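The values are calculated or read from the model by the stated rules, or taken from the named source; none is laboratory data. Because the structure is a prediction, the values reported are computed rather than measured. Counting neighbours? That spans all protein chains shown, and the Cβs are built from the backbone with ideal geometry, glycine included. The area values use the complete protein model at the heavy-atom level, side chains included, leaving out ligands, DNA and RNA. Shrake-Rupley method; radii C 1.70, N 1.55, O 1.52, S 1.80 Å.
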Amino acid sequence: MSVLIVLFLTAILVLFSGVFEKGKYARYIGILGLIIGLATSFLPDCEFFAQYKSMYEYSYNAELFTKISVAVTLLLFFLGGFAFSNHRSHQSELYALMLFALCGGIVLFGFQNLVTLFIGIEILSIPLYVMAGANKTDLRSTEASMKYFLMGAFATGFLLFGVALVYGSAGSFDLYAIHDFAYNNPKNLMLIMGAILMLSALAFKVSLAPFHMWSPDVYQGAPSLITAFMASVVKISGFFALFKLMTIAFGGIAGDWINILGVFIILTLLLANVMGLVQTNAKRMLAYSSVSHAGYIALIFFGINNFSTYILGYYLFAYSLATVGVFISLIWVEKIKKETSFAAFNGLGKREPLLAVVSTISMLSMAGIPLTAGFIGKLGIFNQAIGGHYEFLVLIAVLGSALSIAYYLRLIIAMFFYKEDNFHNTERASITYNIVSVVIILALVSMGIVPDLFAKIFGL
């Protein structure tokens, strides 16, 4: 909980820094706070917070996912100077909202109680509704904000109705009390209905089909840095919360919801990858890519073993790094050319070779090509599912991965094999973008060659 307090105080400082020179120092304060928060996450939590364990516990798993989320957010903050260059008047608010959303995610990593779960989801979601509409002069951004808010409110209704049914049957909000009740009363219809409603609500948060319909419009309309945040940090938070809730609280009735989740996965993998093939806009294609990865990640529920949480963390970190890697070039292209169509990336390999290379390696990692971290992540999840005798789902996932290669290659071909359209601009990528690109390239390739590097990075 010490990390949570550090980041919350940082968010407050960043917010109020906006009164000085239009928030000129907001990003630097945020970066400093994130570095302190990341360092704090490697230290034992203060014993004072042990009295709150019934609501929030900074466990071993919470510590791991907190480190991952803070590290990814730190990378995004380094990209913020250029990405938010047209938001100078309210950049401090955007950085503060990102940090508040991160605090909500950290609450989700340690929740022990359905009330804490709800609070964490709302702290995570409300800043996102605001940030999605940050481009005030762009109607697509306004549409993204409204659509995300309305669909999010609808999902919250599902969640609260599910919580009410679970509390009505189990008589407690505590995860382990619900766990015991589920094992002793596996046929309780009210509990089963509550679990399915909560599964559906969290499926919305992580963009599992058929609850993914908001994703393409919101991802395309939101500022690109916010989209990267939603596709990485928000997905990390949502998936760990879903995994913890369904495996601990509802493990005793898994037979009643696991097949429903399997249907969600099949729909997600087939629909998202087919839709990704027909996109002409890179940002929208990445939205469907994000949806498809929700399907791969959800396979973690099948064939669960003692290494499942580690595999989940590895995959989410590899996927998040790759997401940031692709968005580095997307942010640069969008700022320079004012569009994100595939044609806008023509000739990027010649003009900004490092940005093109990091995007290429990131997309190859997303596709699960060997010698990348994404390959090891998918191998771990697929191997676990096969061990649980869910070969059919793995076959669907492999088919989805094969389809995804096609739309990733379209962007790679545009960057390296098409000539740039006549466009006169001498601006080059900053040293910060180049450094972040090198870090991501090294991380994705190193983790693909030496998988244990993940454990060493996060002190496991």
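Can you pull out every residue in region 212-223 that is open to solvent by less than 10 Å² (accessible area, probe 1.4 Å), within 13 Å of THR340 (Cβ to Cβ) and either part of a helix (DSSP H, G or I) or in contact with a Phe, Trp or Tyr (Cβ under 6 Å, 6 or more places away or on another chain) (or both)? Residues satisfying the conditions are PRO216, TYR219, GLY221. Among residues that are under 22 Å from LEU75 (Cβ atoms) and either open to solvent by 10 Å² or more (accessible area, probe 1.4 Å) or in contact with a Pro (Cβ under 9 Å, 6 or more places away or on another chain) (or both), ILE361 is included. In region 219-238, the condition of being out of contact with any helix residue (DSSP H, G or I) (no Cβ under 6 Å at 6 or more places or on another chain) and closer than 22 Å to VAL115 by Cβ is met by at least one residue.
Scanning region 112-125 for residues that are within 24 Å of TYR219 (Cα to Cα), open to solvent by 20 Å² or more (accessible area, probe 1.4 Å) and touching a residue at least 24 places away in the same chain (Cβ under 8 Å) returns PHE118, GLU122.
Checked across region 350-357, the condition of being farther than 24 Å from PRO451 by Cα, modelled with pLDDT under 90 and either outside any helix (DSSP H, G or I) or open to solvent by less than 10 Å² (accessible area, probe 1.4 Å) (or both) holds for at least one residue.
When restricted to residues that are open to solvent by less than 40 Å² (accessible area, probe 1.4 Å) and under 21 Å from PHE181 (Cβ atoms), region 152-167 contains 5. Restricted to region 261-315, and to residues there that are in contact with a Ser or Thr (Cβ under 7 Å, 6 or more places away or on another chain) and not in a helix (DSSP H, G or I), the residue that is nearest to LEU202 (Cα to Cα) is ILE304. Being in contact with a strand residue (DSSP E or B) (Cβ under 9 Å, 6 or more places away or on another chain) and either aliphatic (A, V, I, L, M) or closer than 21 Å to PHE78 by Cα (or both) is the requirement here; does ALA62 meet it? Taking the combined requirement at face value, the residue satisfies it. Taking region 41-51 as the range and being at pLDDT 80 or above and crowded, with 19+ Cβ neighbours inside 10 Å as the test, only SER41 passes.
Scanning region 52-63 for residues that are surrounded by fewer than 23 Cβ atoms within 10 Å (Cβ to Cβ) and either part of a helix (DSSP H, G or I) or not small (Gly, Ala, Ser) (or both) yields TYR52, LYS53, MET55, TYR56, GLU57, TYR60, ASN61, GLU63. Here LEU242 clears all of (1) more than 23 Å from LEU124 (Cα to Cα); (2) surrounded by 21 or more Cβ atoms within 10 Å (Cβ to Cβ) except the condition numbered (1).
Cβ separations smaller than 6 Å between residues 6+ apart or across chains give the following pairs from region 17-46 residues that are over 13 Å from ALA96 (Cβ atoms) to residues that are open to solvent by 100 Å² or more (accessible area, probe 1.4 Å) and at pLDDT below 85: LYS22/ARG88. Being farther than 30 Å from SER430 by Cβ and without any contact (Cβ under 8 Å) to a residue 60 or more places away in the chain, is that true of even one residue in region 284-297? No, region 284-297 contains no residue that is farther than 30 Å from SER430 by Cβ and without any contact (Cβ under 8 Å) to a residue 60 or more places away in the chain.
All of (1) within 21 Å of THR73 (Cβ to Cβ); (2) open to solvent by 20 Å² or more (accessible area, probe 1.4 Å) hold for THR323 with one exception: (2).
Within region 136-146, one or more residues are open to solvent by 20 Å² or more (accessible area, probe 1.4 Å) and within 20 Å of ALA26 (Cβ to Cβ). The helices (runs of 4 or more DSSP H) falling completely within region 365-460 that include 2 or more residues that are among the aromatic types (Phe, Trp, Tyr) and surrounded by 17 or more Cβ atoms within 10 Å (Cβ to Cβ) map to 373-387, 391-417. In region 83-105, is there at least one residue being open to solvent by less than 10 Å² (accessible area, probe 1.4 Å) and closer than 12 Å to ALA241 by Cα? Yes: one or more hits. Can you find even one residue in region 261-274 that is under 25 Å from ALA344 (Cβ atoms) and not small (Gly, Ala, Ser)? Within region 261-274, one or more residues are under 25 Å from ALA344 (Cβ atoms) and not small (Gly, Ala, Ser).
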